[in-house]
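See structure below.
The values are calculated or read from the model by the stated rules, or taken from the named source; none is laboratory data. None of these values were measured; they are calculated from a predicted model. Positions of Cβ are backbone-derived with ideal geometry, glycine not excepted, and every protein chain shown enters the neighbour counts. Ligands, DNA and RNA are stripped out before the accessible areas are found, and what is left, the full protein with its side chains, is counted by its heavy atoms. Shrake-Rupley method; radii C 1.70, N 1.55, O 1.52, S 1.80 Å.
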Amino acid sequence: MAVISKLNTLVDLAREKSSDRRRTLLREVTDLFFEETPERDSAVSDRFDDVLSALAEQTAVDAREELSQRFSGTPLAPRGLVLKLAQDAIEVAGPMLSQSSVLSEDDLLSIAEKSGQDHLKAMSKRDAVSERLSDTIVRRGDDETVATLISNDGAQLSRETYETVSERAENSEVLQGPLVKRKDTPNDILADMMLTVRNHLRDHIMERFDSVDPAIIDQAMAVSKARLAARLQQDKAVEEAQKFVRSMAMRKKLDGALLARLLREGDSVKCHVVFAEMTGVDYIAAKRALEQDSIDPLALICKSAGFDKALFVTLAVLRHKNSDDAFRDARELGQLYDKVTADDAARAMRFWRMRRDMAA
């Protein structure tokens, strides 16, 4: 019990209320712990826990931050102290949340349910993040936090989490890069992303697909198409639009003027169906290209379909007609279109048309 005696002597020396003395005492008790580290759940460990927790409450944030950094890497750190520090200000909690093995999955889940983004982000950096914790972080985290999680190869992600993140990534470039570059992102999720991401990320996906068995790619495309189609919930409207397209085709009025008019009038379902018919992509690809912020998919599809530059610029402007940026320099859009090569367009369209033909 020599350690207990030393510990009690140190505590007796701290009767005064000087903050400097308490900070010094905290360091001395911490040094004693590491000099003669007690066994977990022993009486000595419990006594250290009581003393360190009490002293930590009475010291400034920077002293608690130092304490957290020292204890975050030891598996024998007193559990009560670890839990207290892990729920402190982020300067204090960060090292514990990102490193401490003393925190159980249930501990982390409990903290995640009531913490802010900084605490969630710290948990996202752990060497290993369980599926359950990842699910919670994705549910409660903002895009920056979720991007931190997705970028961590040690994070385990459930199928449901992948689908949730991919849906959020449709409108978040912050999430697109980490999701595309993650090594174990499912192929069908990547197939979804091809309809959304900018060209450099699309190239990354296609390079990955180049090394995958074509049969697996076929399956991924089919799964992607089925899942996205299920989300549309516009079957009746799409069916009516398809009848309209057939009628326009018979009257030889399926052209750029019709497409621009539908887009200008806000008849989105018919517009998407007409665009799909004119370009040879499926409805989902057409919808994404005309609705999302990134201009790249629209440029690739239009180039592959042989649309002239004027029609592309018209579509690019009209699709966001209510936006402050809707009428940005037409010359800039035209220059962008000129930079899209036929080879780039053909390569992307190979996958989009594969999706269209799945289960046709």
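When ranked by the protection proxy of mean other Cβ atoms within 10 Å per residue, highest first, what sequence do the peptides 335-342, 150-157, 195-202 form?
Descending mean neighbour count gives 195-202, 150-157, 335-342.
Which of the pairs LYS253/LYS339; LYS287/LYS339; LYS243/LYS270; LYS84/LYS114 have their Cα atoms more than 18 Å apart in this structure?
Beyond 18 Å: LYS253/LYS339; LYS287/LYS339.
Accessible area of segment 259-319 with a 1.4 Å probe: how many percent of it is carbon plus sulfur?
The computed percentage sits at 44.
Within segment 87-135, what whole-number % of the accessible surface is contributed by carbon and sulfur, with the 1.4 Å probe and all protein chains included in the calculation?
43 percent
Most mobile of ILE216, ILE189, ILE90 per a Gaussian network model of the chain (Cα springs, under 10 Å)?
Of ILE216, ILE189, ILE90, the most mobile in the Gaussian network model is ILE216.
222 nm [θ] for the chain, helices only, -39500 (n - 2.57) per DSSP H run of 4+, per residue, to 500?
After summing the helix terms and dividing by the residues of the chain, the value is -22000 deg cm²/dmol.
Note the listed values (1) 0.95; (2) 1.20; (3) 0.99, then indicate which one is Rg/Rh (Cα atoms, Kirkwood Rh) calculated from this particular structure.
Read-out from the structure maps to (2).
Over the chain, give the accessible area per residue in Å² for a 1.4 Å probe, as an integer.
48 Å²
How much net charge surrounds ASN171 when only other residues with a Cβ under 12 Å from its Cβ are counted (Lys, Arg +1; Asp, Glu -1)?
It works out to a net charge of -4.
For the ranges 276-286, 71-81, what's the packing order if you count other beta-carbon atoms within 10 Å of each residue, average per peptide, and put the highest first?
Most protected by this proxy first, the peptides run 276-286, 71-81.
Taking H as built 1.01 Å from N, whose amide H comes closer than 5 Å to the amide H of VAL129, not counting residues under 5 places away?
The list, which skips near neighbours in sequence, is ALA155, GLN156.
Working from Cα positions, state the angle (0 to 90°, nearest 10) between the long axis of helix 131-140 and the longest principal axis of the chain.
Between helix and principal axis, roughly 70 degrees.
How high is the relative contact order of segment 20-111, given as a whole-number percent (alpha carbon pairs under 8 Å, six or more residues apart)?
The normalised contact order for segment 20-111 reaches 26 percent.
Defining a contact as two alpha carbons under 8 Å apart and six or more residues distant in sequence, what relative contact order in percent does the chain show?
Reported relative contact order: 9 percent.
Hey, what did segment 196-298 get for relative contact order, percent, Cα under 8 Å, at least 6 apart?
The normalised contact order for segment 196-298 reaches 37 percent.
With labels modelled as points extended 7 Å from the Cα through the Cβ direction, what inter-label distance (nm, one decimal) is found for HIS200 paired with LYS114?
If labels sit at HIS200 and LYS114, their model points lie 4.3 nm apart.
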